[in-house]
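The values are calculated or read from the model by the stated rules, or taken from the named source; none is laboratory data. Keep in mind it's a predicted model, so treat the numbers as computed, not measured. Here the Cβ is made from the backbone with ideal geometry for all residues, glycine too, and neighbour counts use every protein chain on show.
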Amino acid sequence: MESNKNIEQILELYFEGESSLEQEHRLRAYFKGDAVAPHLEKYTALFSAFAKAKKERYTGEINLPRKKAFFPVFSIAASILVIAGLFLFFNNNNRNNNNTNDYGTYKDPEVAALKTKQALFMMGSFIAQSTSKLSALDEFEKTTDKYINTNSNSNNSNNN
Amino acid sequence: MNQKDFLTSVTPFQDKIYRLARRLLTSEEEAQDATQEVLLKLWSKNKQIKKYRNAEAFAMTMTKNYCYDTLKAKRSNNVSLVHSNYRDNSYDTVNDTEVSDSVNWVYKLMKDLPEQQQLILQLRDVEEYTNAEIAEQLGINEGTVRTALSRARKTIREGLLEKHRYGIK
């Protein structure tokens, strides 16, 4: 049990700002107890106020920005995935186009030769068809020859 | 350090941050906002936190700065009200009835102290930091802490004695 004299001394130091934490603990303990001297009772409120103030607790929640914290890692991973995905997709498409040797050609040389022959014959027949019509043009020449004079005749004779 | 580690590491002093803010600011809501804000700032400086010798001291300093800023902003907001002569007297009457209790009277006395003294009294007499720790947190020297502490305690004593005398009368 602290003597009142001790407490008075410590209080004196306390108000001068000279008391140590340990002495202040003793003050707190003293004023918390029931045996407070009547002439010191006025200080009880002070120390009980400090004790009460210390009991206050933070009841709110702490909200930390979750997204922001992981932002760099996730965004980098996601962008790599997207780029890799696009790259593979297009690459695959290109390869599909390039790798199929389907140019509409024949693999068997005999068939190829036959088909070529057929195609050429067809071309030939088209050309023959068109040239056969050209014989009609001879008629024009006969009529022009009739009216063009000796010059053309001599030419003809010269040629002959 | 991930979020869980961070939250565990701040648990020991998150109440201290709240109480300090509660002492300096007017309402519980403001104090909670302050706590949240300070912890958020602390989290954003997560990587540098190891560089600081003492995360707790750093947090207390941040709390002090945050509260000062808030109070300053509020004071500048209040200027317009003062000019239009709308004084809110109801606040004081409410307060007067509240402080009928002598413990609350101490709080009221603490509130009337200059900000720095409030801060130092809170850190020393409620949170029980040493003068050296307080000096580090506030960026002032120990002598200043001791002087301010003495002034704050004496002011409160006077207030208490006055109240006590009224009681007798």
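Summary table below
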item: Members of the stretch A:13-54 that are in contact with a Lys or Arg (Cβ under 6 Å, 6 or more places away or on another chain) and at negative phi; result: A:F15, A:F47
item: Residues (surrounded by fewer than 17 Cβ atoms within 10 Å (Cβ to Cβ) and under 14 Å from B:M110 (Cβ atoms)) located in the stretch A:37-50; result: A:S48
item: Residue within the stretch B:128-135 that is of a type in the set (A, V, I, L, M, F, W, C), at the interface with chain A (Cβ under 9 Å from one of its Cβ atoms) and assigned to a helix (DSSP H, G or I) present; result: no
item: Leading residue by the ranking (nearest to B:R124 (Cα to Cα)) among those in the stretch B:15-54 that are surrounded by fewer than 19 Cβ atoms within 10 Å (Cβ to Cβ) and of a type in the set (G, A, S); result: B:S27
item: In the stretch B:18-72, the residues that are more than 10 Å from chain A (Cβ to nearest Cβ) and not in a helix (DSSP H, G or I); result: B:L25, B:T26, B:S27, B:K45, B:K47, B:Q48, B:Y52, B:R53, B:N54
item: Subset of the stretch B:98-107 [over 14 Å from B:A152 (Cβ atoms), modelled with pLDDT of 50 or more and in a helix (DSSP H, G or I)]; result: B:S102, B:V103, B:N104, B:W105
